[in-house]
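*Asks:* I am attaching a structure below and will ask some questions about it afterwards.
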Amino acid sequence: MKILLLEHPRVFIPERCNDIANTPLSSSLLTGYAAGMLQSQGHQVEITEGYLDNLSYAVIKQQVSDLKPDLLGVHMVYHWRTDVDLFSFLEEIKREKLCPYIAAYGFYPTFNFAEILRECSAIDAVITGEPEATFSELADALSGRAGRSNIPGLARSDGTGNISHTPRELVEDLDSLPFPVRTEAMYRLPEVNLQGSRGCYGQCTFCYINPFYGHGSRWRGRSPENIAAEIDMIMAERGVKDFYFTDPNFFGPGRQGQSRALHLASLLRERNIRFGIEARVDDIHDETIAALVEAGLRHILIGLESGKDDSLKRLNKMTTVARNEQAVKILRKHGIEPNIGFIMFEPCSSLEDIRANFEFLRRNDLLNNLPVTANVLYHHQIILKGTPAFKMLQGEGRLELPPGATYEGSTTFVNPRVAVLADIMRQITNFLFRRMSGIWSGKEQEPRDAELKYEQINEMLVDLFEANLRALENGKLFTDEEKHLVVQEAKKNIDHMLEV
Ligand code: SF4
């Protein structure tokens, strides 16, 4: 059977340009894993990289027309509610009979399949959660190798608005999966993405990793030997030395998790590679980090999320501020400056929480690098369907949903003063991200004296945050006009600093 898997073009909306949760990094291998499984079953599979190869829908349509696939799989990524182009494209494919069956998969469709099936009649089914086995059974059914009824993990509409869906069991043995297929576009990225594990043993309220995998999701790891074998294959085929583990949590739980990481480090050490990982702070231990650095660990993203224990409890992070600080120290001791996940503004934040967050970042020297500073001083909690936070706010009647959309919710800040600071910082940092997008994406040259200019902007952002936080703590009430003036003044300063 001929199958085309599509990574569709993605739309970026300026005011959401630096929001990170439209799809987690771990989804970058969903298509590759599905393709690996389908190829291993004897199907002819091609992948179209509409996003990484910057293809237009016209070009993609031509590819579909040339291949005439029996099944088109679309890795559907949340677009901040602008699915219009994608849906019209799929309708066109169906109308012109270029493909008889279209199935969407990915994080967004997993949580929003009912709405997607209702909105886009061209989509025949949605594959929820891990896609490999469901894709394989769907391909068997479509090619007549098996019956079409009741495929677990597949959501379908009966055409009258009734949607059927039975969740699928988790893949117990990740080593049993064929290695993912990687496209040329994926090999052009600075690092080759790997997936050493799935799921997480945490239960953070804002996170949709475990909800994506479904009931009973927990951390599941591949064996170090299986990971090393994939790395060997990639090194032999492509000569690549730089890798990134897209795992939401590189470490498994407890001692066993540390032992596995140590064993993996011992296998990787002799391969002379470099790699990055993402992890929880409570898995950052001196001995393991030392071994991983020796094996090639060069960068890490850790989810600190807050500088206040109350907030960490609210987020169900199951860590403490002391543990956050210890993790940063251990990483720096081994020469790694961490990139950090941080939620400055939660719906329930008080000004004291914001102050605690700010002082935490300052005393831990986490406000010295412009891209990090700009991120941590504005990040608010994004509320997506499937997360415990979404359910909780819905249960409390505090969740706001835009008309006709059910995937991303919002809520008003409980404290109106926090709302003022969040709004000011979001407007300013969005302006900065837009202003710097060409430079930070490597498409434009850095300005003259770039380092000095970034330092000045960094300092300006920190001072501005502090000054406005202090004013709010002292009881100042900002009118809309005053807020506007603060934002305009900051934008003018950023422009000026970048241009002189
Ligand atoms: S630690 Fe990270 S991956 Fe795990 S539940 Fe929390 S946010 Fe999600």
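*Asks:* For the pair Asp365 and Ile439, how long in nm is the line joining their label points, each one 7 Å along Cα→Cβ?
*Replies:* Result for the modelled spin labels: 2.4 nm.
*Asks:* Which far-off residues, 5 or more places away or on another chain, put their amide H under 5 Å from the one on Met344, with H placed in the peptide plane?
*Replies:* Sorted by chain and number, the residues that satisfy this are His379.
*Asks:* Something else now. On average over all directions, what projected area in square nanometres does region 41-183 have, based on the convex hull of its Cα atoms?
*Replies:* Mean projected area for region 41-183: 9.1 nm², to one decimal.
*Asks:* Next question. Mind giving me the FRET efficiency for Ala58 and Leu189? R0 is 30 Å, r the Cβ-Cβ distance, nearest 0.05 is fine.
*Replies:* So the FRET efficiency works out to roughly 0.75.
*Asks:* Give the percent of DSSP beta bridges with both residues in region 2-165 that are antiparallel, rounded to the nearest 5.
*Replies:* For region 2-165, the DSSP antiparallel bridge percentage is about 20.
*Asks:* For region 2-165, which whole percent of the accessible surface, found with a 1.4 angstrom probe, sits on carbon and sulfur atoms?
*Replies:* Carbon and sulfur together cover 49 percent of it.
*Asks:* Determine the dipole magnitude for region 190-263: charges of +1 sit on the beta-carbon of Lys and Arg, -1 on that of Asp and Glu, nothing else is charged, the reference point is the Cα centre, and the result goes in debye to the nearest 20.
*Replies:* 360 debye
*Asks:* Right, next: Please label the shape of region 278-352 as rounded, prolate or oblate, based on the square roots a ≥ b ≥ c of the eigenvalues of the alpha-carbon gyration tensor (a/c under 1.5 means rounded; beyond that, a/b larger than b/c means prolate, else oblate).
*Replies:* prolate
*Asks:* Could you name the lysines in cross-link range of Lys443, using Cα to Cα under 19 Å and dropping any fewer than eight places away on the same chain?
*Replies:* Lys453
*Asks:* Further question on the same structure: Hey, with R₀ at 25 Å, roughly what FRET efficiency would Glu400 and Glu352 work out to, going by the Cβ-Cβ distance, to 0.05?
*Replies:* Between Glu400 and Glu352 the formula returns 0.50.
*Asks:* Mind ordering 329-340, 202-213 by average Cβ neighbours within 10 Å, highest first? Could the numbers behind the result be given before it?
*Replies:* Working: 329-340: 16.2, 202-213: 21.1.
Descending mean neighbour count gives 202-213, 329-340.
*Asks:* Rounded to the nearest 10 Å², what accessible area does Phe465 have for a 1.4 Å probe in the complete protein model?
*Replies:* Its accessible surface works out to 0 Å², give or take rounding.
*Asks:* Among Pro190, Phe251, Phe345, whose Cα sits farthest toward the positive end of the charge dipole of the chain (+1 at Cβ of Lys/Arg, -1 at Cβ of Asp/Glu, about the Cα centre)?
*Replies:* Value computed over the given set: Phe251.
*Asks:* If the limit is 26 Å between Cα atoms, which of Lys308/Lys329; Lys94/Lys385; Lys2/Lys94; Lys313/Lys391; Lys94/Lys391; Lys329/Lys476 go over it?
*Replies:* Values: Lys308/Lys329 18 Å; Lys94/Lys385 29 Å; Lys2/Lys94 16 Å; Lys313/Lys391 17 Å; Lys94/Lys391 36 Å; Lys329/Lys476 37 Å.
Pairs exceeding the cut-off: Lys94/Lys385; Lys94/Lys391; Lys329/Lys476.
*Asks:* Hey, another quick one. Just to confirm, what accessible area per residue do you get for the chain at 1.4 Å probe, in whole Å²?
*Replies:* Using a 1.4 Å probe on heavy atoms only, each residue of the chain averages 43 Å².
*Asks:* Next question. Quick query: amide H of Leu5 versus all other amide H atoms, modeled in the peptide plane; which residues come in under 5 Å with a sequence gap of 5 or more or a different chain?
*Replies:* Glu46, Ile47, Thr48, Gly73
*Asks:* To continue, here is another question. Nearest 5 is fine: what % of DSSP beta bridges in the chain come out antiparallel, could you say?
*Replies:* DSSP beta bridges in the chain are roughly 25 percent antiparallel.
*Asks:* Further question on the same structure: So if I take the centroid of the Cα atoms in region 421-488 and the same for region 305-358, what is the distance between those two points in Å?
*Replies:* Comparing the Cα centres of region 421-488 and region 305-358, I get a distance of 22 Å.
*Asks:* What are the equivalent ellipsoid semi-axes of the chain, built from the alpha-carbon gyration tensor (square roots of five times its eigenvalues), in whole angstrom, biggest first?
*Replies:* Result for the chain: semi-axes of 38, 28, 23 Å.
*Asks:* For labels at Ile13 and Lys241 in the simple 7 Å Cα→Cβ model, what's the distance in nm?
*Replies:* About 4.3 nm, to one decimal.
*Asks:* Moving on to the next point. Please report the relative contact order for the chain, taking Cα pairs under 8 Å with a sequence separation of at least 6, and give it as a percent rounded to a whole number.
*Replies:* 11 percent
*Asks:* When the dipole is taken about the Cα centre of the chain, and only Lys, Arg (+1) and Asp, Glu (-1) are charged at their Cβ, what size is it in debye, to the nearest 20? Please report the intermediate quantities before stating the final value.
*Replies:* Details: 55 positive and 69 negative charges, 94 e Å.
With Lys and Arg at +1 and Asp and Glu at -1, about 460 debye.
*Asks:* DSSP beta bridges in region 74-203, what fraction antiparallel, as a percent rounded to 5?
*Replies:* Antiparallel bridges: around 50 percent, rounded to the nearest 5.
*Asks:* Once the Cβ-Cβ distance between Lys97 and Gln39 is put in as r, and R0 is 35 Å, what FRET efficiency do you end up with, to the nearest 0.05?
*Replies:* Approximately 0.85, to the nearest 0.05.
*Asks:* Calculate for the chain the 222 nm mean residue ellipticity that helices alone would give, adding -39,500 (n - 2.57) per DSSP H run of length 4 or more and normalising by residue count, nearest 500 deg cm²/dmol.
*Replies:* Values: 18 runs with 224 residues, N = 500.
Rounded to the nearest 500, it is -14000 deg cm²/dmol.
*Asks:* Oh, and also: Which residues' amide hydrogens lie under 5 Å from the amide hydrogen of Leu194, considering only partners 5 or more residues apart or on another chain, with H built in the peptide plane?
*Replies:* Answer set, sorted by chain and number: Tyr244, Phe245, Thr246.
The values are calculated or read from the model by the stated rules, or taken from the named source; none is laboratory data. Keep in mind that what you see is a predicted model, and the values were worked out from it rather than measured. Glycine also receives a Cβ, built like all others from the backbone with ideal geometry; neighbour counts cover every protein chain displayed. When the accessible area is computed, the model is the full protein with side chains, heavy atoms only, and any ligands, DNA or RNA have been set aside. Shrake-Rupley method; radii C 1.70, N 1.55, O 1.52, S 1.80 Å.
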